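To keep things clear, I will list the structure first and then write my remarks on it.
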Amino acid sequence: MRLHMVAAALLVQVAGAFGAVAPAAAGEADVVGVEIRPDGPGLWCFDVAVRHDDTGWEHYADRWDVVGPDGTVLGTRVLLHPHETEQPFTRNLSGVAIPDGVTWVTVRAHDKVHGYGGREATVSLAR
């Protein structure tokens, strides 16, 4: 069993030496700006700027989320392609329903290799 674990560790090291680590060089996706505005009763529009060193279809920022204080995802903007020559880039999402009583939300970005983990933004809702 121990030999199997050592062999698996060596396989990961060898894979890294041949490029498996290279796509991760782009790092995590960071939220670098958020603007919000009312979009109807109980609805909000979010303009979100994301920074990520997209390297192509295998490693790019592929979405961002609006998350409530309790961790509930209130809205997701799916990003359908890499933005290699447009950094940072801004996309919007309208019609995000924010429950009564929620006074702030977090905006987080996601990339195809690292998932979540980059810089997030906390946004106060002026009601």
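The values are calculated or read from the model by the stated rules, or taken from the named source; none is laboratory data. Keep in mind the model is a prediction, meaning the values are calculated, not measured. Using ideal geometry, Cβ is built from the backbone for each residue, glycine included, and neighbour counts are taken over all protein chains shown.
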Only listed residue being of a type outside the set (Phe, Trp, Tyr), assigned to a strand (DSSP E or B) and either at pLDDT below 80 or at positive phi (or both), chosen from GLY19, GLY95
GLY95
For residues that are touching a His at 6+ places or on another chain (Cβ under 9 Å) and in a loop (DSSP other than H, G, I, E, B), scanning just the range 99-116, find the one that is modelled with the highest pLDDT.
TYR116
Single residue of the range 33-55 satisfying the filter (outside any strand (DSSP E or B) and more than 11 Å from ALA97 (Cα to Cα)) that is nearest to the chain's Cα centre (by Cα)
HIS52
Of all residues being among the charged types (D, E, K, R) and either touching a Lys or Arg at 6+ places or on another chain (Cβ under 8 Å) or within 16 Å of ALA126 (Cα to Cα) (or both) in the range 80-107, which is surrounded by the most Cβ atoms within 10 Å (Cβ to Cβ)? Just the residue, please.
ARG91
Filtering the range 39-60 down to residues that are modelled with pLDDT under 90, under 20 Å from ALA121 (Cβ atoms) and surrounded by fewer than 21 Cβ atoms within 10 Å (Cβ to Cβ) yields ASP53
Would the range 79-101 turn up any residue that is free of Cβ contacts under 8 Å to residues at least 12 places away in the same chain and of a type in the set (Ser, Thr, Tyr)?
yes
So, ASP70, is that one out of contact with any strand residue (DSSP E or B) (no Cβ under 6 Å at 6 or more places or on another chain) and either closer than 16 Å to THR122 by Cα or modelled with pLDDT of 95 or more (or both) or not?
yes
Could you pull out the residue among ARG77, ARG63 that is in contact with a Ser or Thr (Cβ under 7 Å, 6 or more places away or on another chain), at pLDDT 90 or above and either buried (at least 16 other Cβ atoms within 10 Å of the Cβ) or not in a strand (DSSP E or B) (or both)?
ARG63
Selected residue (only one of LEU93, LEU74 is among the hydrophobic types (A, V, I, L, M, F, W, C) and more than 15 Å from GLU35 (Cα to Cα))
LEU74
